[in-house]
Amino acid sequence: MKNCVFCAELKPEEGQLIWRGDDCRIITVNDADLPGFCRVIWNHHASEMTDLTYSEREHLMNLVFVVEDTIRQVMKPTKVNLASLGNMVPHIHWHVIPRFTDDVFFPGSVWSSRIRETPISMLADRQKAAEELPNAIRSLISKLY
C-alpha cells in the first residue's frame with residue numbers, strides 16, 4: 001500500500017523500536033498523556049487478521065500478550081486496553097495501552113475527548129516506569145523464542 005505509515009521507517013518523534021522479528025515488531029508510542037503505550041505491528045502489509053495464517057496469528061497475538069503482561073507487571077495499570085482498528089491505517093497492528101483511572105481519557109477510549117488533566121507528577125512516575133518496558137519486553141520475548 002502506498003504511503004502506509006507502518007510500512008515507512010519509524011521516526012524518532014513517533015516512538016522507539018523495542019524489538020523486531022522477521023514478521024512483527026514492537027514499538028513504544030510517543031504520547032505524553034499515555035506513557036507505556038505500545039504497538040505490535042505486523043511487518044508485512046496486510047489489513048485483516050484473517051489475511052494471516054493461523055500460525056502467523058498465533059505468533060502476533062503471543063507478542064501482544066507479552067506486551068500486555070509486561071505492562072501489567074511493570075506499570076501496574078488499572079486496566080490494559082487492546083485495540084486493533086485499522087480504520088485509519090489498514091495495516092495489521094495492535095495497540096496495547098496501560099490505563100489509569102486518572103488518565104486524561106478514562107473511562108473513555110484513548111481516542112475520545114479529554115475529560116481531565118493528569119497531574120504532572122503522576123505522568124512523570126509513569127514515564128519512569130515506562131522506560132523499563134523495552135528491556136522487560138525483550139527479556140520476556142527471549143525466554144519464549
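Taking other residues whose beta carbon is less than 13 angstrom from the beta carbon of R138, and scoring Lys, Arg as +1 and Asp, Glu as -1, yields +2. For the chain, what does the relative contact order come out to in percent, with C-alpha contacts under 8 Å and a separation of six or more? Rounded, it is 25 percent for the chain.
Helix 133-144 and the longest principal axis of the Cα set of the chain meet at an angle near 40°.
Rule-based calculations on the coordinates, nothing more; no lab input. For clarity, every value in this text was computed on a predicted model and none was experimentally measured. No Cβ is skipped: glycine too gets one built from the backbone with ideal geometry, and neighbour counts run over all protein chains shown.
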